[in-house]
């Protein structure tokens, strides 16, 4: 597992409520890679010197810094973490071994990033008919992911992996979805909610996911929700 | 190289002018993987039965079909092609071997997809001040990519690879950019244009990139450019 000086070599720069960054922190914990955590407060307008230097192109977090060199973007970080530490020294891997299953995991990760995230934003930002449409779309997307999960324990089968790490941070907004949309996800997506509870039993997930109330309060401020 | 029945097992569904799909076709040619090509005419509103069946979520192309099973999304396809055929049977690989260099290639591929593509769309769609701003942004992004290339022959060094396959299809719109923006890319980005010419010497690229006039004519129709 983690070697003594690993935490001196690996740093994650992130914001506690950043669903993208949670992926990286969960993945490192799953693989038993020790790391130092540096908080970047996204509520402040200016980015820190560290973020501006390590990610000059986007000035965004998460950033994984390994031996002084940055890897930016959450999916990119998961791929990197898996390539460097996955399936080595009795550690598990994040992505499955079969290329077709890997492609399947990446396809649905992209669906989460391109579809679910933008629908979440629309849902939280809008009002009236637009909000109703976004709510229906969001539920449809979550149900689709529930179908992809099927009756498996985790998305790739028996072991927690890549797509679990990609999606589980979104569950920290599920309380907010329910408050904002007036629905019950245990009724709408019972299978997906059982998966959420299974994930939350893991130390890696428990240690990283923030309080759901605080998440919703923050998003209410961000999106001007009354 | 290609085995006798490979072309029976590998199909690419794509549209001739689809810059994303060109990536997959170039990558397969680079690795010497024989494939059958099925044209999906994106000028027609309805998607074919094949596309609806193979990519029910997005109904988009490119789709790589391998032994009857689909892989969707151009970056996902490149990863899959590299995992299945790269670095095997004396074939080259697309991504570098070093995890940090792989992360670098994926980072800039994402930059092309998330930044350059949306800037191109803004540039072609807009008029007046908005067009001028998008033009400046597009040139800045191309110059940034030119810096990433530096004085290397290809993006990862001496060999044509992943990021070259990701970016080179965009060059089929460079003539259109120049016509639409009234600038000369040989003046603005001479290093990048030398890279374009080096890429175009390759059979894989030459066989796939469409005529630049036809590309611009099509985009003029799509974006209502007079």
If I go through the range B:86-104 residue by residue, how many of them are more than 8 Å from chain A (Cβ to nearest Cβ), crowded, with 20+ Cβ neighbours inside 10 Å, over 14 Å from the mean Cα position of the chain (by Cα) and closer than 22 Å to residue B:146 by Cα? 2
Given the condition away from every other protein chain (no Cβ under 14 Å) and not in a helix (DSSP H, G or I), answer yes or no: does some residue in the range B:119-141 qualify? yes
Name every residue in the range A:199-220 that is part of a helix (DSSP H, G or I) and surrounded by 15 or more Cβ atoms within 10 Å (Cβ to Cβ), in order of residue number. A:199, A:204, A:205, A:208, A:212, A:215, A:216, A:218, A:219, A:220
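Before we move on, is residue A:36 in contact (Cβ under 8 Å) with a residue 12 or more places away in the chain, surrounded by fewer than 16 Cβ atoms within 10 Å (Cβ to Cβ) and over 21 Å from residue A:222 (Cα atoms)?
Against the criterion (in contact (Cβ under 8 Å) with a residue 12 or more places away in the chain, surrounded by fewer than 16 Cβ atoms within 10 Å (Cβ to Cβ) and over 21 Å from residue A:222 (Cα atoms)), residue A:36 qualifies.
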Give A:83, A:79 a once-over and let me know the one that is surrounded by 16 or more Cβ atoms within 10 Å (Cβ to Cβ), within 14 Å of chain B (Cβ to nearest Cβ) and within 18 Å of the chain's Cα centre (by Cα). A:79
Could we say that residue A:30 is crowded, with 22+ Cβ neighbours inside 10 Å and out of contact with any strand residue (DSSP E or B) (no Cβ under 8 Å at 6 or more places or on another chain) here? yes
Name the residue, out of B:225, B:168, that is outside any helix (DSSP H, G or I) and surrounded by 14 or more Cβ atoms within 10 Å (Cβ to Cβ). B:225
Only residues that are within 13 Å of residue A:57 (Cα to Cα) and exposed (fewer than 15 other Cβ atoms within 10 Å of the Cβ): list them for the range B:105-142, please. B:114, B:140
Please determine whether any residue of the range B:142-165 is touching a residue at least 60 places away in the same chain (Cβ under 8 Å), under 22 Å from residue B:23 (Cα atoms), within 14 Å of another protein chain (Cβ to nearest Cβ) and part of a loop (DSSP other than H, G, I, E, B). no
Keeping to the range A:12-60, report how many residues are within 14 Å of chain B (Cβ to nearest Cβ) and more than 15 Å from residue A:168 (Cβ to Cβ). 9
Flag for residue B:45 being assigned to a loop (DSSP other than H, G, I, E, B), at pLDDT below 95, more than 26 Å from residue A:79 (Cα to Cα) and not assigned by TED's automatic domain parsing to the domain that holds residue B:218: yes
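The values are calculated or read from the model by the stated rules, or taken from the named source; none is laboratory data. Worth saying up front: this structure is predicted, and the values here are computed from it rather than measured. Positions of Cβ are backbone-derived with ideal geometry, glycine not excepted, and every protein chain shown enters the neighbour counts.
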